[in-house]
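**Student:** For reference, the structure I am asking about is given below.
The values are calculated or read from the model by the stated rules, or taken from the named source; none is laboratory data. None of the values given here were measured: they were computed from a predicted structure. With ideal geometry, Cβ positions are generated from the backbone for all residues, glycine too; neighbour counts draw on all protein chains shown. Protein only, heavy atoms only, side chains kept; ligands, DNA and RNA dropped before computing areas. Shrake-Rupley method; radii C 1.70, N 1.55, O 1.52, S 1.80 Å.
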Amino acid sequence: TAMSNVGADVLFFGSPPPHWPGYNQNSDANRPMIWIICRQHPGESQASWVAEGFVKKLLDQPDFGLAAVADIAVVPCINQGGASAGAHRHNLAGADLNRAWGAPN
């Protein structure tokens with residue numbers, strides 16, 4: 001989404017990774033980090049609804065499931081540029097983010 005200057009929202013449950021703002025120096029460095037990334041394909045809008053339900057569960061029960069043993073980051077819509085442009089599969093540069101992990105540019 002860099003082409004549109006739209007950043008992706010990230011919600012942290014627990015401590016963010018060391019290079020992120022808000023990192024707690026007193027957090028457990030050995031605690032695993034789990035990333036939940038939704039809508040690499042912007043047309044998969046149902047994934048945002050799943051992310052919303054997951055976030056509500058974590059807010060209601062902070063020690064739910066893996067949250068008891070890991071820090072969790074939730075990205076409800078990673079491809080906001082593609083979603084705002086009405087794309088179904090690609091970002092604004094025409095890349096399929098679900099297939100371009102090795103060479104995103």
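**Student:** Do we have ASP9 as surrounded by 13 or more Cβ atoms within 10 Å (Cβ to Cβ) and modelled with pLDDT of 75 or more here?
**Tutor:** Numbers: surrounded by 13 or more Cβ atoms within 10 Å (Cβ to Cβ): no; modelled with pLDDT of 75 or more: yes.
Against the criterion (surrounded by 13 or more Cβ atoms within 10 Å (Cβ to Cβ) and modelled with pLDDT of 75 or more), ASP9 does not qualify.
**Student:** Would you mind telling me which numbered condition in (1) within 16 Å of the chain's Cα centre (by Cα); (2) assigned to a loop (DSSP other than H, G, I, E, B); (3) without any contact (Cβ under 8 Å) to a residue 24 or more places away in the chain GLY94 fails?
**Tutor:** (1)
**Student:** Which residue pairs have Cβ atoms under 7 Å apart, sit 6 or more places apart or on different chains, and have a first residue in region 32-61 that is without any contact (Cβ under 8 Å) to a residue 24 or more places away in the chain and at negative phi and a second that is open to solvent by less than 30 Å² (accessible area, probe 1.4 Å) and not in a loop (DSSP other than H, G, I, E, B)?
**Tutor:** PHE54/VAL74
**Student:** Tally the residues that are buried (at least 18 other Cβ atoms within 10 Å of the Cβ), hydrophobic (A, V, I, L, M, F, W, C) and not in a helix (DSSP H, G or I), restricting the search to region 54-72. Even if it seems obvious, please write down each step before you answer.
**Tutor:** From region 54-72, those buried (at least 18 other Cβ atoms within 10 Å of the Cβ) are 54, 58, 71-72; that's our starting set.
In the following step, the residues that additionally are hydrophobic (A, V, I, L, M, F, W, C) were identified as 54, 58, 72.
Those still in the list that are not in a helix (DSSP H, G or I) too: 72.
Result for region 54-72: 1.
**Student:** Name the residues in region 17-53 that are under 12 Å from the mean Cα position of the chain (by Cα) and either of a type in the set (Lys, Arg) or open to solvent by less than 50 Å² (accessible area, probe 1.4 Å) (or both), would you?
**Tutor:** Once the filter is applied, which keeps residues that are under 12 Å from the mean Cα position of the chain (by Cα) and either of a type in the set (Lys, Arg) or open to solvent by less than 50 Å² (accessible area, probe 1.4 Å) (or both), region 17-53 yields ILE34, CYS38, ARG39, GLN40, ALA47, SER48, ALA51.
**Student:** Still on this model: Going by the structure shown, is ASN91 of a type in the set (S, T, N, Q), open to solvent by less than 40 Å² (accessible area, probe 1.4 Å) and touching a helix residue (DSSP H, G or I) at 6+ places or on another chain (Cβ under 8 Å)? So that I can check it myself, show each step before the final result.
**Tutor:** Values: of a type in the set (S, T, N, Q): yes; open to solvent by less than 40 Å² (accessible area, probe 1.4 Å): yes; touching a helix residue (DSSP H, G or I) at 6+ places or on another chain (Cβ under 8 Å): yes.
The answer is yes for ASN91.
**Student:** Name the single residue, out of those in region 73-88 being assigned to a helix (DSSP H, G or I) and open to solvent by less than 20 Å² (accessible area, probe 1.4 Å), that is farthest from PRO16 (Cα to Cα). Step through it out loud before you land on a result.
**Tutor:** Here is the first cut: in region 73-88, the ones assigned to a helix (DSSP H, G or I) are 80-84.
Next, from what is left, pick out any that are open to solvent by less than 20 Å² (accessible area, probe 1.4 Å): 81-82.
Working: GLY81: 24, GLY82: 26 Å.
Restricting to residues being assigned to a helix (DSSP H, G or I) and open to solvent by less than 20 Å² (accessible area, probe 1.4 Å), the top hit is GLY82.
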